[in-house]
Each structure stands twice: as C-alpha cells, then as structure tokens.
Amino acid sequence: MRSCLFVLILVVLLLLVPVVVAEDALEWYTRGQSSSAAGDYDAAITYYDNALALEPKYAAALSGKAAALNAKGRYADALITADAAIALRTSDTVALNARALALFGQGKYNESVAAYDKLFVLQQNRADAYCNQGYAYLRLENYDAAIIPYDRCTKMDPLNFMSWNNMGLAYMGSGKYDRAYSTFERATGVTITNATVWNNKGEALVALERPQDALECFKKALGIDPQFKKALENRNSVMNKQQVFQITGATTPVPTISRIGTFYTTATPVVQEPSGITTVGETPVSEEPVVPITTMPVPKRTTYSPISPLTVLAALGVAGCAVLCLMRK
C-alpha cells in the first residue's frame, strides 16, 4: 500500500515539475534582436546580458547591447560595450556605428567625426550615420566639412526635412547664401509645417537682399509658432528695414521640439548590404532589419519551461500502474 502511495506522489510531482530544456547564447541573442526591433530596449539589454553570461566573447551580442544602450541614452556604457565588441571583431559595423554615436552623445564631436570615418570605410549606405557626422561638424562650427556628409545624407534620405535644414545652416555658416536658400527650399518642399525651416529660409533671403520674400517666410514661421522669438525679431527687423540677421545655430537634438535638428539613434543593428538605402525618419527611431544571426557553438545551460506532452504521457502511465497496484491490494 505504501509503495502505491509513493507512486501516486511521484505522479503528482511529475505533473507539477516542468521539463528542462536547453537555453544557449544564440537563443538569448535572438530574443535581444527581436526586442530591439520592437523598441523594447530594456528587455533587449537583459537578453544580451544573458547571452554574454553564457558566452562572454559573443561579439554580436556586445554590439547589439551597445546599440540598445545608445537608444536608452546611456552613452558612456554604450562606448565601453562597443569598444569590447570591436576588440573582438574589428569589422563589426554595428559596433563601429554604436561607438561613433556614443561619442556624439557625450559631446565628443571630434572623436565622433573620426569614428564615423572609420565606419564609412566598411559601410557607406547609412544615411543616419552621414547625418550624425554632419551634425557633429555643425557643433564644431566646421561648416564646409558638414556640407559633405549632409549632401550624402540628403541624397539617401531626401524626405528628411531636418537634414535639408541642417545642410542649409552649413551653407549659411560658409557664407553661401544662394545655396542655403535653395537647400531650405528643398526642406519646405518636404514639409510646410516646421517653423524653424521657414525662419531659416527667411534669413537666407535677407542675406540675398530679398526682404519682402523674407518677410513672408517669417510670417509663415509665426503662423506655425506665434511664440517663436527669433522669427519675431527677424520679422520686426525686416519691417524696420534692418538688414541684420543671425544664423540660427544647431542645438542638442530633442525630437519633441520642432526648432532644433535631429541626430539619429539607431538601436537595432543594421546589416551591411552592397547597395540600397537605409531610410530613417525625422525623429530618432529604428526602422532597420535585424542583423542575420551568427551561429556559434556555446555551452549549454538549463532552464525551466512549461510542461512537455511527453511528461504528461509518462505521468499518466505511471498513474495507471499505481491504480493497478492499488486494485491488487
């Protein structure tokens, strides 16, 4: 009788205790990629950490984590993680891009420019990276240098009006007002609802001694944002026949404010392709494909998962034996 009770207890335990399944670094990395693509960067960082706990030298997991850390604004941590990935795999474009962006986020613009140059040796089809480098040059007030990456950026992503706007600022800084005006014209061709672009276009027209056209631009800017102080000053200046203007500088990008430029935070690693365009929107978001998974042998660890059908069948078999045993008693 005791033996039968023991068997019954064993059956219950089999039903309650889930079957063990192997989890490896590749599976955790895949989960990290999926979470990054969905914009859940906290979960992605956790999954990348799980992969790295099993395989500390997993370069793809390190670069993915660096990109996710940038998306969270944790630039110092992202830089450390990106450097660790590059130490393992110098041609890792995801890590190189993450490193350049982390330096930008920390205000290290000279280093960021150099880091983007290293990325472009291996990958040239990244609009976001060219825009970021151009923005870094703007912050350094190196306007002639900023024009080159912005020209590439706008060719690859012609619908990003803030890239046109920032290239216009670079032309203004270089004193090329006719080119600045045509560039702002491209920006207003993409959108007519941004006060900053209209104000900057008006300033270019003032420089070209076209005050009446400039006045219309300032009025449009104020129609969008009546509290736009710079546009108010410019409108009053033109109305008073004063031909003085000041270039509207680029400030640290905050996507929720319309008056400033945008730099891109690319959280999801991007696959390097021989051709094609990486399209990025106005705000720093990630719309890029997940990096193809690199398979590597990793030590197996075990973790718990839900009940397996085989476990249930085995338990039922043992239960049947227990019932027969009781009936014989």
Residue in segment 128-149 that is under 18 Å from the mean Cα position of the chain (by Cα) and on the phi > 0 side of the Ramachandran plot present: no
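Condition test on Tyr116, is it of a type in the set (Phe, Trp, Tyr) and closer than 24 Å to Leu69 by Cβ? Lay out the reasoning, then the answer.
Details: of a type in the set (Phe, Trp, Tyr): yes; closer than 24 Å to Leu69 by Cβ: yes.
Answer is yes for this residue.
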Every residue from segment 151-187 that is free of Cβ contacts under 8 Å to residues at least 24 places away in the same chain and within 19 Å of Ala204 (Cα to Cα): Asp151, Gly175, Lys176, Arg179, Ser182, Thr183, Phe184, Glu185
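Residues are listed down the side, and each one gets a yes or a no for (1) out of contact with any Pro (no Cβ under 6 Å at 6 or more places or on another chain); (2) modelled with pLDDT under 95; (3) closer than 21 Å to Ala146 by Cβ; (4) assigned to a loop (DSSP other than H, G, I, E, B):
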site: Arg179; (1), (2), (3), (4): yes, no, yes, no
site: Arg186; (1), (2), (3), (4): yes, no, yes, no
site: Ile192; (1), (2), (3), (4): yes, no, no, yes
site: Thr196; (1), (2), (3), (4): yes, no, yes, no
site: Phe218; (1), (2), (3), (4): yes, no, no, no
All positions within segment 26-65 that are without any contact (Cβ under 8 Å) to a residue 24 or more places away in the chain and of a type in the set (Lys, Arg): Arg31
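The values are calculated or read from the model by the stated rules, or taken from the named source; none is laboratory data. Worth saying up front: this structure is predicted, and the values here are computed from it rather than measured. We place every Cβ from the backbone using ideal geometry, glycine too, and count neighbours over all the protein chains shown.
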